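Just below is one structure, and these are the notes that go with it.
The values are calculated or read from the model by the stated rules, or taken from the named source; none is laboratory data. This one's a predicted model, so the numbers in the text were calculated from it and none came from an experiment. Methodologically, a virtual Cβ is constructed for each residue, glycine included, from the backbone with ideal geometry; neighbour enumeration extends over all protein chains shown.
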Amino acid sequence: MSIPALGPPAGRAAGSVLARRNPTVKLMLLFVVSAVLAVIFDPVTPAVLYVLAAAAVIASTGMELTRLALLHLPFIGFGLGVFLVNALSRPGDVWWTAGPLRITVEGLSVGGSLALRTLVIGVLAIGFITSTDGVRLMHSLHQQGRLGPRVTYAVLAGYRMLQEMPREWQTIRHAHAVRAPLRPDGAPSRSPLAFGRGAFALLVISVRKGERMALSLESRGLGLSPRTTWRRVPLTGADWAMAAGVLGVLATVVVTSRMLGHLRGVEALLS
Amino acid sequence: MSSTESALRLDDVCVAFPRRPEPILRNVTLVLERGEQLVVFGASGSGKSTLLQAITGVVPHTVSAALTGTVTVNGRATTQCSVVELSRHVGTLAQDPSSGICLPDVEQELALPLENHAVPADEISERIDRALASVRALTLRGRRTDQLSGGEGQRVALAAALINGPDLLLLDEPTSMLDPAGVAAVRQAINTAVAAHGPAVVLVEHRLDDYAGPDGVAGLPARAIVLGEDGHVVAAGATSDVLTEHAGRLHAAGCWLPLETELQAVTGFSGGLAEPAVRQGLRSHAPPAPAGDRAAEPVGPVVLAVDDLAVSRAAWVPRRRWARRRRVREAPEVPKLLERVSFRLRTGEVTALLGPNGAGKTSLLLTLAGLLPQAGGSVSGPRPGLVFQNPEHQFVAHTVRDEVGHGLTDAPPGRVDDLLDQHRLAHLAEQSPHRLSGGEKRRLSMAAMLAHERPVLLADEPTFGLDRRDTLATLAALRSAAVSRSVLFSSHDLRSVAATADRALVIADRSVIADGPVLEVLRDPVVLERAGLRLPPLLQWLLLEFDSADQVRAVLSWLDAAPAVVPATAAET
C-alpha cells in the first residue's frame, strides 16, 4: 500500500502492543466490559476480572508498576468511598457494630463489588488513555465509528486550541497580576476573584478564536460530500483477535463464576 | 460554471449590519477575471473586511447582515450557495495564524481540504508536497502546528488555501501579525504561489508599507479600489494611478502606504527617495546641523537599576521539593534566555528594546515587572507597570470606566474621568472593553496602566497590529508618559523606534549587545547584523544624509505629523 497508515505517534507508549491497536475497538471493549460489570454485584467476579485486566494492561503497555499504581489513586479513592458508604449504610445481617456504627454482610459484599468494579474500569481506562493518541482516536472514530466529519474535526480543532490554552492562561494571569495589589511578601495577590476574571478573559478570547477556527474549517470545505480519507487508522486481524480475546475471557469468567455460585446480579441489591 | 465566467463579480452590493444605522458597504460594483489581482485600500472601519466576508458568503450566511445586490463567484451567486459550497472556488488566508490553522499536524492540516474535496487518497501526499513547495515550506511537512512561528504558520495556512487550486484567493491582512522576517517570507510565498496557481486575488492589508517590500508600489497587486469612510468605492483603476491620485486622502485617513506613496502625499512629488525633489523636500524640514557637540539632554534620576540579571522562562515551573532532592545530581540546568543583563532606566527617557524574535524581549519585560522570578542578579527600583502586546489579555472589567478604575485604591474622585478624557475614551465609558476597535483597545490598556502612576512603564510591542493613525497616537502617548516616568518598549518597527526613543537596548545571543543613544545603535552595522535588524529604506537614507539625531528625528516627526498636500497632478502629466 502506498499510503502509510496513521499509526501511533512516537512517544512513551508508542511501541507497545496496545498502542498499535485500533482506538475505536479499544473504546468499544471498554464500554462492553463496563456495561457487563454494571449488572454484576458480587465481589468475586470483579476481583478476578481486575487481576486479569491489570495483568493484561501491564503486559500490553509495558507500563512501570509505580506509574500504574500512581494512576490508580483516584480510582482507589473513589472505590474506597463507595465501599465505606455501602458497608455502613446497607441494611442486612450485622457483622460488626461499635456505638452508632454497624457494618452488614450485604454491605460488605455489595460495597466490595462496586469498589472492585471501579478498579476494573479504572485499570482498563488507564490502559486506554495511556496507549491512545487523541488525534488517532478521533480519526479512528470518524473512519470506523461513523462519527461525522464535522464533529470529528471540530473536536480536533478544539484539541489544538487546548494545546495553546496554558500559554494563553499564563499570559492572562501575568497581565492581570500587573495591576493587582501586592501581598506583604511582595508577590501580587491572587484572589479567587482574580482567578474568575482571568477565566472570563480566557473564555472571551477562546470563543473568538473558536469562531475564527470554525470559519477556517468551512473555508477548507469541511462538510462537502463526497469526501475521501487519506491515511487510514488500520483495523487488522490483531484488533479482532484482541476483541475476541477480551470478550472470551469476560464470558469465561462470568460463566465460571456462575457455575461456582459466586455470581450475583441486581437481585443482590434487593435482598 | 463555464470558463467564460468572471472569477468574481459584485453588482451594486450594499451591506448593512442590524445595529448600525449606516450601511458599511454601499453600491460596490466590481469585476475580477481569473488571474487578475486587486488590492483594497481604505481606513480602519471602511468595510474592507466586510467586503471579503461578502465574497466568502460569511455575509449573509454566518454573520447576520442585510446584503443587497449580487455577489457571484465563478458564476454562482453567494446567496444561493453555502459558505462550504463556495469553498470549492474560494481560498482564504486570514490574519491570525493561530486560528487559521485547525489541526495538530501540518500534514493533516493540508490533507483536510483535499479530503473534503474528495481527492483520491493516493494523490494526496504528492499534492501536499507540491503545495508546500509552492509556498517554500517543504521542510515544515513533518512538524506539529503548535510549534510553528507566525510566519511559518501563515505559509502553511496559505498552502492549505491554495491546495485545491481555487479560482479566487482572498488575503485578509495576511502579514499584519508577523515580524519583519515573517512578512518577507509570507510575501514571497504569496508571490510564488500565486504565480504558480494563477487565481484571481483580492488583498486587504493595512501594513502596505511592509507588504509592498523593496519593490514599493510595483510589489502590490496591479489593480486597486479605494473604499471611502461611508462605504462607497471612491476610486478604482491601476494601483499606481489610484495611489498617485489618492495618496493624500489615504494618508490623511491614517492608512499605512508604500513609502513612495507616503512621500508623495506629504511632499507632492512622486518617484520616492530616488527623486531629487523628494529628497530636497525632506532635507528642507531638517534643522541646520548643530555646530559642535550638543550638550547632553538633561535626563532625570535613575529609577530602575538592573544588575547582572538572568532571565529564564523555565524558572517559574514549580518543582516539587522531593523530586529535586531525589535527583539532585541529574537535575538539568534551567536554561537561561538572557544572562548578565545590566542597564539603567531614567525618568524622562524613552528606551526601545530591540532584538530578533525569540531573543527574550517579552520574558525580560515580564521579569522586570516582577511577573517572572529572576534567575539571577538584581532589579532595584519601584514596581513597574507593563502594557501587554494583546490588550485583551489585560482586560478585567465589563466596562471601559471600570477597567480604567481597576485596582485604584485611593484615587481622588474625577481621576478616572480625567484619564478617560485624556485618552479619548470618554465616549466609550460604558462599553465593554472587548467590543472596542484595535486602536481603542490599545488606548484603554495604556490608560488603565498609566492610572497606577508607576514610575516605570514597560510596554511589549505596543504598536503591533495598529493602523498608522493609532500607531502614531500610541507612540505619542508613550512619549508623553515619559515626561514623569521612564518608558521601556519593545518593537520591531525601527522607524517608530527612531522617531520616538532616546535610547535603544538591543538583546541578542542571550545578552545585551548594545545600549546607547538610539541612532548611534542603529548606525552600528555589527549590532544590526547580530540582532537581525534591517533598516527600512527611509531610515537608511536619513542616517546617511544627516549626522545629528535631532535632524533625523525632525524629518521623521514632520513626516508623521505632516498633512497631505493636494496631489500635484499637473506636475505629473
**Fill in**
In the stretch B:127-146, residues that are out of contact with any strand residue (DSSP E or B) (no Cβ under 7 Å at 6 or more places or on another chain), facing another protein chain (nearest Cβ under 10 Å) and either without any contact (Cβ under 8 Å) to a residue 24 or more places away in the chain or not charged (D, E, K, R) (or both) total 1
**Message:** Just to verify a result, which residue in the stretch B:92-120, among those that are facing another protein chain (nearest Cβ under 7 Å) and of a type in the set (S, T, N, Q), is nearest to B:Ile190 (Cα to Cα)?
**Reply:** B:Thr92
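Here's the yes/no breakdown for (1) surrounded by fewer than 20 Cβ atoms within 10 Å (Cβ to Cβ); (2) out of contact with any Asp or Glu (no Cβ under 8 Å at 6 or more places or on another chain); (3) assigned to a helix (DSSP H, G or I):
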residue: B:Leu472; (1), (2), (3): yes, no, yes
residue: B:Arg479; (1), (2), (3): yes, yes, yes
residue: B:Val497; (1), (2), (3): no, yes, yes
residue: B:Ile507; (1), (2), (3): no, yes, no
**Request:** Spot the failing condition for A:Gly186; the list is (1) buried (at least 19 other Cβ atoms within 10 Å of the Cβ); (2) free of Cβ contacts under 8 Å to residues at least 60 places away in the same chain, and only one is missed.
**Result:** (1)
**Request:** From the list A:Ser225, A:Ser191, pick out the single residue that is in contact with a helix residue (DSSP H, G or I) (Cβ under 9 Å, 6 or more places away or on another chain), on the phi < 0 side of the Ramachandran plot, modelled with pLDDT under 90 and exposed (fewer than 13 other Cβ atoms within 10 Å of the Cβ).
**Result:** A:Ser225
**Complete:** Here the residues within the stretch B:342-366 that are outside any strand (DSSP E or B), closer than 17 Å to B:Ser378 by Cβ and touching a residue at least 60 places away in the same chain (Cβ under 8 Å) are B:Leu364, B:Leu365
**Message:** Checking B:Arg313 against (1) modelled with pLDDT of 90 or more; (2) on the phi < 0 side of the Ramachandran plot: exactly one of these is not met. Which one?
**Reply:** (1)
**Request:** Of all residues in the stretch A:199-210, count the ones that are facing chain B (nearest Cβ under 8 Å) and either among the aliphatic types (A, V, I, L, M) or within 11 Å of B:Gln394 (Cα to Cα) (or both).
**Result:** 3
**Odd one out for B:Glu152, checked against (1) within 12 Å of chain A (Cβ to nearest Cβ); (2) not in a loop (DSSP other than H, G, I, E, B)** = (1)
**Asked** What single numbered condition from (1) of a type outside the set (Gly, Ala, Ser); (2) assigned to a loop (DSSP other than H, G, I, E, B); (3) more than 9 Å from every other protein chain (Cβ to nearest Cβ) fails to hold for A:Leu162?
**Response** (2)
**Asked** When B:Ile124 is evaluated against the numbered criteria (1) within 7 Å of chain A (Cβ to nearest Cβ); (2) of a type in the set (A, V, I, L, M); (3) under 31 Å from the mean Cα position of the chain (by Cα), which criterion, by number, is the only one it fails?
**Response** (3)
**Request:** Could you check, for the stretch A:259-271, whether at least one of its residues is within 14 Å of chain B (Cβ to nearest Cβ), of a type outside the set (Phe, Trp, Tyr) and without any contact (Cβ under 8 Å) to a residue 12 or more places away in the chain?
**Result:** no
**Message:** Restricting to the stretch B:398-409, count the residues that are at the interface with chain A (Cβ under 8 Å from one of its Cβ atoms) and without any contact (Cβ under 8 Å) to a residue 40 or more places away in the chain.
**Reply:** 1
**Message:** Please determine whether any residue of the stretch A:194-207 is within 18 Å of B:Glu392 (Cα to Cα) and in contact with a Lys or Arg (Cβ under 7 Å, 6 or more places away or on another chain).
**Reply:** yes
